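Q: The following block contains the structure, expressed as structure tokens.
The values are calculated or read from the model by the stated rules, or taken from the named source; none is laboratory data. This structure is a prediction, so every number in the text was calculated from the model and none was measured. Ideal geometry is used to build each Cβ from the backbone, glycine not excepted, and the neighbour counts take in all protein chains shown.
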């Protein structure tokens, strides 16, 4: 057997086990909207932890982070900081979002906007911002997946064939088992990924240098400036670092799939306790940095930094190890991809089509339409991913900057009774507009500041000012959660189910 | 503001100081810690500190939530 066949057999073996696990997770359960999107709100501490870890650590933390350690150097440290600080924000807003969801049977992020602000158009706008950025985020996962399959098969299996197979599997288990599949496939994904990261992160420095300490002794004399900020990217200094961390930590839980995942928790306490232990997961990130740093000396001159980890593994170990790392990487793309298509499909059906075009639709029909959309969105993303090259970094950056703009609407909605629908609407439009303008006119960073951060500041000002100038939608009950809307929502719910 | 609530916010701000705003103070190569550049070692140390801070906030919140009802897990009934 050629090395390529051994590696590919292991990768597709991993994908197959993932598929079986995912489909099995939903067998013998009636998959209505409530089960499919939020697993009946029954996830306890451990399964919820696996779901969270499954969604946080994507191909980006695996290939992207090692790639940035390789090509950026010091600025890559922002990843540890912003993911840790995002959990601090989660600790405070997560339980509140969950409580609103539990009380009013919410399924999506746009449902929350609908409930809090009572505006169908605002909710539809939020749903659209969500769907567009999710599709872009999906591109990142698909690109990573394609890279893994291409490199692990020694360029025998084409990128497009690999992506297509993996994607049929993802659509398959999302359709049959919904969010339960995501949680259970995460068990497999997290186990493989942790073994791969710890193994590779320790083994590569040992193999080439005799240890991590020795690796830095070899690296510091030649690349000392690379290891602190701004590293090899002159614009990424300390101002960039602070503003990027603030923008990303705020934006982190604004990805629409988080809302569905938060609603799936059994209690608010489950979320708080998870937020306490989740930062510890970041202790694996330095090992990923080490692989990227080691590759500077062992594999210099790579054009695409994201290939650093896989090429180093391919040059160092047997095809079986490459296959194992590839399988871990493939599942690391597939789990987030699954939750992304699930969220995008639900948002489109529940918060865009039903309220605007078919108000009489039942929840069951919404679930059916959402499943159709899962197939459509997967197919679209697949086409784009196969057509386009790997130069998606700019668009992805924009996706993160775009989704962060929902932060003021969500958080002011939770903490400030005066926040109004028009305020949130204006804030989102100004924020997304600023982010698009700065990124596409190549003004990111803007005077050293992350473009998403600049947009977020303007957004916050806009939301606050417009809210103060307008009257809340339900002046008679000027409260955080308007009961008038709430009754309507629960009636719809009873009617639907 | 409630004293305990104030302390929870102070405690939650600590990781932001350690991992974000103080970056000019710790973003350097030396002294190496177990052979690892100082900036990486600093952030590795702050990961468990972040967890500890959140645990502290959690304890403070528990003390507020359950005075004498014994409902330690009772946030649902609230």
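Q: Where in region A:258-323 are the helices (runs of 4 or more DSSP H), entirely inside, with at least 3 residues that are within 19 Å of the chain's Cα centre (by Cα)?
A: A:268-277
Q: While we're on this one: As an exercise: evaluate residue A:382 against (1) within 27 Å of residue A:187 (Cβ to Cβ); (2) buried (at least 24 other Cβ atoms within 10 Å of the Cβ); (3) within 18 Å of the chain's Cα centre (by Cα) and give the number of the one condition it does not meet.
A: (2)
Q: Same structure again: Determine which member of the set A:276, A:304 is at pLDDT 90 or above, surrounded by fewer than 24 Cβ atoms within 10 Å (Cβ to Cβ) and either away from chain B (no Cβ under 14 Å) or in contact with a helix residue (DSSP H, G or I) (Cβ under 6 Å, 6 or more places away or on another chain) (or both).
A: Of the residues listed, the single one that is at pLDDT 90 or above, surrounded by fewer than 24 Cβ atoms within 10 Å (Cβ to Cβ) and either away from chain B (no Cβ under 14 Å) or in contact with a helix residue (DSSP H, G or I) (Cβ under 6 Å, 6 or more places away or on another chain) (or both) is A:276.
Q: Could you pull out the residue among A:424, A:435, A:419, A:455 that is touching a helix residue (DSSP H, G or I) at 6+ places or on another chain (Cβ under 8 Å), modelled with pLDDT of 85 or more and outside any helix (DSSP H, G or I)?
A: A:419
Q: Counting only residues that are in a loop (DSSP other than H, G, I, E, B) and at the interface with another protein chain (Cβ under 7 Å from one of its Cβ atoms), how many does region B:4-31 have?
A: 3
Q: Inside region A:231-257, can you point out the residues that are without any contact (Cβ under 8 Å) to a residue 12 or more places away in the chain and not in a helix (DSSP H, G or I)?
A: A:234
Q: Does region A:47-60 contain any residue that is under 21 Å from residue A:236 (Cβ atoms), surrounded by 18 or more Cβ atoms within 10 Å (Cβ to Cβ) and modelled with pLDDT under 85?
A: yes
Q: Something else about it: Please state which one of A:263, A:281, A:253, A:293 is more than 10 Å from chain B (Cβ to nearest Cβ), over 28 Å from residue A:434 (Cβ atoms) and surrounded by 19 or more Cβ atoms within 10 Å (Cβ to Cβ).
A: Matching residue, one of A:263, A:281, A:253, A:293: A:263.
Q: Residue check, residue A:195 against (1) under 20 Å from residue A:65 (Cβ atoms); (2) within 23 Å of the chain's Cα centre (by Cα); (3) not in a helix (DSSP H, G or I), all met but one. Which one?
A: (3)
Q: Could I ask something else about it? Assuming residue A:98 fulfils every condition listed in (1) at negative phi; (2) surrounded by fewer than 21 Cβ atoms within 10 Å (Cβ to Cβ) apart from one, which condition is it?
A: (2)
Q: Can you tell which of A:114, A:139 is more than 14 Å from every other protein chain (Cβ to nearest Cβ) and surrounded by 23 or more Cβ atoms within 10 Å (Cβ to Cβ)?
A: Checking each option against the conditions leaves just A:114.
Residue-by-condition table, conditions (1) modelled with pLDDT under 90; (2) surrounded by fewer than 13 Cβ atoms within 10 Å (Cβ to Cβ):
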position	(1), (2)
B:14	no, no
B:23	yes, no
B:39	no, no
B:48	no, no
B:69	yes, yes
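Q: Within region A:10-20, track down each residue that is under 11 Å from residue A:324 (Cβ atoms) and surrounded by fewer than 15 Cβ atoms within 10 Å (Cβ to Cβ).
A: Residue satisfying the conditions is A:13 alone.
Q: Identify, please: which residue in region B:50-65 is under 17 Å from the mean Cα position of the chain (by Cα) and more than 7 Å from chain A (Cβ to nearest Cβ) and is, among those, surrounded by the fewest Cβ atoms within 10 Å (Cβ to Cβ)?
A: The selected residue is B:59.
Q: Let me spell it out: the conditions are (1) at the interface with chain A (Cβ under 7 Å from one of its Cβ atoms); (2) modelled with pLDDT under 90; (3) exposed (fewer than 14 other Cβ atoms within 10 Å of the Cβ), and residue B:1 meets all of them except one. Which number is the exception?
A: (1)
Q: Within region A:211-218, is even one residue facing chain B (nearest Cβ under 8 Å), at pLDDT below 90, part of a loop (DSSP other than H, G, I, E, B) and buried (at least 19 other Cβ atoms within 10 Å of the Cβ)?
A: Checked against the condition, which is being facing chain B (nearest Cβ under 8 Å), at pLDDT below 90, part of a loop (DSSP other than H, G, I, E, B) and buried (at least 19 other Cβ atoms within 10 Å of the Cβ), region A:211-218 yields no hits at all.
Q: Spot the failing condition for residue A:180; the list is (1) under 19 Å from the mean Cα position of the chain (by Cα); (2) closer than 25 Å to residue B:49 by Cα, and only one is missed.
A: (2)
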